[in-house]
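Below you'll find the structure, written out as structure tokens, and then a few comments.
The values are calculated or read from the model by the stated rules, or taken from the named source; none is laboratory data. These figures come from a predicted structure and were not determined experimentally. Cβ placement follows ideal geometry from the backbone for every residue including glycine, while neighbour counts extend to all protein chains displayed.
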Amino acid sequence: MSGPVPPPPVPAHFQTFLAFDLGLKRTGVAVGTRLLRTATAQPTIRAEGDARFAQVAERIRTWQPDALVIGVPYHPDGAPHENTARAQKFGRQLHGRFKLPVYEVDERYSTTEAHAAGAADADAASACIILEQFLRSLS
């Protein structure tokens with residue numbers, strides 16, 4: 001007797017992604033699908049450490065994403081800085097805790113772009129910009 005049959009894989013065009021723009025005090029969140037190639041802002045996580053991961057876990061339970069996307073900041077010349085390492089560590093922690101693929105996106109200027117667009121929540125708007133940039137990169 002064999003075990004339960006796993007569900008078929010999600011067709012690529014139906015994949016859902018959850019994106020994060022990590023900050024020291026706030027983490028912007030957005031959700032989007034490969035099919036529509038657009039992102040929708042979600043409430044910003046206003047927590048640090050384990051409390052942040054508890055809220056991330058809740059978002060993952062809610063949205064059931066196929067993968068996660070994180071914004072990784074760099075200096076204008078492309079050089080890494082302290083927040084680059086912090087974001088990459090966050091990505092490794094996400095992968096370790098939730099066992100989902102994690103994709104990194106160069107997020108230079110995403111917050112500036114969000115402010116320029118008049119975003120009420122620049123963190124969530126930045127997460128949208130990061131996710132839409134990632135979705136555009138998919139073939």
Could you list, in sequence order, the residues of region 56-73 that are surrounded by fewer than 17 Cβ atoms within 10 Å (Cβ to Cβ) and either closer than 17 Å to D123 by Cα or basic (K, R) (or both)?
R61
Looking only at residues in region 116-139 that are out of contact with any Lys or Arg (no Cβ under 9 Å at 6 or more places or on another chain) and surrounded by fewer than 13 Cβ atoms within 10 Å (Cβ to Cβ), which one is modelled with the highest pLDDT?
S137
Evaluation of R52 against (1) surrounded by fewer than 17 Cβ atoms within 10 Å (Cβ to Cβ); (2) more than 16 Å from P101 (Cα to Cα); (3) modelled with pLDDT of 95 or more; (4) not β-branched (V, I, T) (one fails), failing number
(1)
Could we say that A30 is in contact with a Gly (Cβ under 9 Å, 6 or more places away or on another chain), under 20 Å from A119 (Cβ atoms) and hydrophobic (A, V, I, L, M, F, W, C) here?
no
